[in-house]
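Notes to accompany the following structure.
The values are calculated or read from the model by the stated rules, or taken from the named source; none is laboratory data. From a predicted model like this one, the values you see are computed outputs, not experimental measurements. Here Cβ is always computed from backbone atoms with ideal geometry, including for glycine, and neighbour counts include all displayed protein chains. In case anyone asks, the SASA skips ligands and DNA or RNA and just uses the protein heavy atoms, side chains included. Shrake-Rupley method; radii C 1.70, N 1.55, O 1.52, S 1.80 Å.
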Amino acid sequence: MKTIQKIVSGLTAACLVGSAARAAEPLTLTVQTDQPGVAINHAMWGIFFEDINFGADGGLYAEMVKNCGFEFPDPLMGWTKLINNVAHGKITVLDDKPYNAANPHYLRLESEGTAPIGVANEGFRGMGVKKGETYNFAVQARNVSGKPTLRIDLYSEAGAILATAFIKDVSSDWTKYTAVLHPRDTDAKAKLYVQIEGKGSVDLDVISLFPEHTWKNRPGGLRADMVQALADLHPGFMRFPGGCIVEGSTLAGRYQWKKTIGPVDERPLLINRWNTEFNHRPTPDYFQSFGLGFFEYFQLCEDIGASPLPILNCGMACQFNSGELCPLDQLDPYIQDALDLIEFANGPATSEWGAKRAAMGHPEPFHLKMIGVGNEQWGRQYIDRYTKFATAIKAKYPEIKIVSAAGPSPDDDRFKFAWPKLRELHADIVDEHCYANPSWFFDNTHRYDKYDRNGPKVFFGEYAAQSDRTVSVFNRNTLECALAEAACMTGLERNGDVVQMASYAPLFANVDAWQWTPDLIWVNTLGLCRTPNYYVQKLFANNAGNQTMPLTLNAPDGSRLYASATRDDASGETILKVVNGGNEPAAMQLNFAGTKSMAPTATAFVLTSNHPQDENTFASPDKVVPIQYTINTPANQFSHDFPGNSLTVLRLKITN
Ligand code: AHR
């Protein structure tokens, strides 16, 4: 065994992290508490949201009806016709004299009155309804002939009626009708039936069902449990709307924020690029309704105290797909979208785009400070387009920081091409992506030690340890993967003067409709399951600091022990994070050098489990969760046992 010591944070940081000593020597970790290192971004731990895995429709956006407006290419996808031998009539999809020309298709139900006729919606892999909760039904309806009554039912998966409502006297002009449903039972796979009773015909459009209890109880809002899980992370920022979804497989399929604001009924539907991306995970019913659009993203950021980070298409479709390019001399509309977005977020309510924000109910600005140009782009074509965007954005909004792309890998040729070019262009922040096996994360905790302190800052914008391999369906959210990420995060934190931000990806996955694994939070129609990886993110974000503290760790080579220390001025606490990625417990001597006095107890959080391959499931959601406890801190030096396969956070009150 040998001693390795490494100066981590450049000139002033003096953060010493090492490993190994002689075999007989105890493990020691020394934090120099009277010599703070560098200032770091207290908000560096954030979240990455993409509409992948049914993250938006069928996820965060609480609408329970799939294909509300009959606008899918197969207009009855998600719907089943309820018509039988006894019920004489017709069910058709039409588009003449629609409710809304922007979404022209609607449903016509025609009945001879012999029995009810209608349609049933399956929801997003079922509708989750809960006994004791209220569900708000809404529909645009127009009576065409006769005087039929609209009958609305919730059916359980087993076929029992859970709730019923009627709407009578439907007007001959398009009119919005509402009804309230109180299910008499909880069901994860309920269905919504919409039928007419009596002779006549009725047109229906924008058929909608929302839980009354959404996040902040906003009508038409977001799933409360999912947003709460995000709020609990206290994310410093939120990146949205992706991911590859920003790029589209072709430019026509790219994300265009201007089409996602204003009245929800007028937002044009777009196929979700993840619908067709993987042959092994086809999702033919995956579309973007944009009920969760850019206004809602900004509002969500504000609600959970996260700084918004929108990522925009830079005139390049996904290079894993068509790689279609907008010619450089035709880039102006794309650049204008970026400039207009900044005005939409920050401009006065009297400005053109600020007025649209105000009209949606938010006259105050959203305080946008950064914007991403392109997602995971690479090559000369990207640098050319980035340059044009950056020139225009900086000319009008010099205060806005721009996040630029370095491709999909943390160390390949595309990455090596991008970095020098972006450095030359004085880029603000470079977005690095890394999906790799756990060893990569354990082995790269010193990656940023050698980064240029005067160059662009880093956004470690997408990362996740893959228990199998990238895009494998066998990837699991194991404790080992979570600890590998935690180990790497100690390195990000120690280098917080370079690494400004970091976010795990992807964020959400619907258990019945995912395309990509692993993911931070798994959801079904009734609830969610937080992964060990989620708890790692939570422990780091809830125990962030604003200054690094120098530390020296003496441990044997290959011991899989990692640490970082910060000072949090707001609480006055010193925060120590230690990852023990080995199977054996590590008894460590902790020294808090330069300390005048220390409170007699400290708060500890530990995330561990019996086996590194343990994971949380819906059946056993709390198998791997952090435990909080108090430890005695009798002196500036004391011994602490770090369990095998654990992340420990200690919060200590220290006076220098
Ligand atoms: O996080 C899933 C995908 O991985 C993102 O959409 C993309 O940016 C990356 O390739």
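Brief remarks follow.
- Peptides 105-112, 402-409, 49-56, 308-315 ranked from most to least packed give 49-56, 308-315, 402-409, 105-112, packing being the mean of other C-beta atoms within 10 angstrom over each peptide's residues.
- Rounded to the nearest 10 degrees, the angle from helix 479-494 to the longest Cα principal axis of the chain is 60 degrees.
- For the stretch 25-103, the Kirkwood estimate of hydrodynamic radius, built from reciprocal distances between every pair of different alpha carbons, is 19.4 Å.
- Rounded D (µm²/s) - the stretch 83-131, Kirkwood Rh over Cα pairs, Stokes-Einstein at 4 °C, 1.567 mPa s: 98
- Of Lys81/Lys216; Lys457/Lys653; Lys216/Lys538; Lys168/Lys216; Lys538/Lys623; Lys176/Lys259, those spanning more than 27 Å from alpha-carbon to alpha-carbon: Lys81/Lys216; Lys457/Lys653; Lys168/Lys216
- The overall shape of the stretch 263-408, judged from the alpha-carbon gyration tensor, is oblate: a/c is not under 1.5, and a/b is no greater than b/c.
- When both the stretch 45-73 and the stretch 93-153 are represented by their alpha-carbon centers, they are found 21 Å apart.
- Ala587/Arg184 FRET efficiency (R0 56 Å; Cβ-Cβ; nearest 0.05): 0.45
- Sequence of Trp516, Trp274 when ordered by accessible area, the most exposed leading, probe 1.4 angstrom: Trp516, Trp274
- Ranked order, Arg239, Arg218 - accessible area, probe 1.4 Å, largest first: Arg218, Arg239
- Expected-Rg normalisation [2.2 N^0.38 Å, Cα atoms] applied to the chain: 1.05
- Amide H contacts of Gly644: Ala586, each under 5 Å away and 5 or more positions distant or on a separate chain (H built 1.01 Å from N in the peptide plane; Pro and chain starts excluded).
- Dividing the summed helix terms, -39500 (n - 2.57) for each DSSP H run of n ≥ 4, by the number of residues in the chain produces a 222 nm estimate of -5000 deg cm²/dmol to the nearest 500.
- Between Asn85 and Lys369, the distance separating the two model label sites (each 7 Å from Cα on the Cα→Cβ line) works out to 7.0 nm.
- Charge dipole of the stretch 280-335 (Cα centre as origin; +1 on each Lys and Arg Cβ, -1 on each Asp and Glu Cβ, all else neutral): 220 debye, rounded to the nearest 20.
- Using every pair of distinct Cα positions in the stretch 79-211, the Kirkwood expression returns a hydrodynamic radius of 14.9 angstrom.
- Beta bridges per DSSP with both ends in the chain, % antiparallel, nearest 5: 75
- Using only side-chain charges placed at the Cβ, +1 for Lys and Arg and -1 for Asp and Glu, the dipole size of the chain relative to its Cα centre rounds to 600 debye.
- The accessible area of Lys369, taken with all protein chains in place and a 1.4 Å probe, comes to roughly 120 Å².
- Counting only alpha carbon atoms, the long axis of helix 413-424 and the longest principal axis of the chain meet at about 80°.
- Overall dimensions of the stretch 130-281 as given by Cα atoms, namely Rg and Dmax in Å: 19.3, 58
- About its Cα centre, the dipole of the stretch 79-211 is roughly 140 debye, where the only charges are +1 on Lys and Arg Cβ and -1 on Asp and Glu Cβ.
- Projected area averaged over orientations for the stretch 411-533, convex hull of C-alpha atoms, nm²: 8.0
- Prolate/oblate/rounded call for the stretch 149-231, Cα gyration tensor, a/c under 1.5 rounded: oblate
- Taken over the C-alpha atoms, the stretch 475-578 has Rg and Dmax values of 15.8, 48 angstrom.
- Accessible area of Met501 in the full protein assembly, 1.4 Å probe (Å², nearest 10): 10
- Each Cα pair under 8 Å and six or more residues apart adds its sequence gap; the mean of these over the residue count of the chain is a relative contact order of 18 percent.
- Using C-alpha pairs under 8 Å with a sequence gap of at least 6, the mean separation divided by the residue count of the stretch 566-656 gives a relative contact order of 50 percent.
- Once the mean of 1/r is taken over each pair of separate Cα atoms and inverted, the stretch 346-478 shows a Kirkwood hydrodynamic radius of 17.0 Å.
- Largest-first ellipsoid semi-axes for the stretch 416-487, taking √(5λ) over the Cα gyration tensor eigenvalues, angstrom: 28, 13, 9
- Degrees between helix 379-396 axis and first principal axis of the chain (Cα, 0 to 90, nearest 10): 90
- Which of Lys259, Lys176 is most accessible, then next, and so on - probe 1.4 Å: Lys176, Lys259
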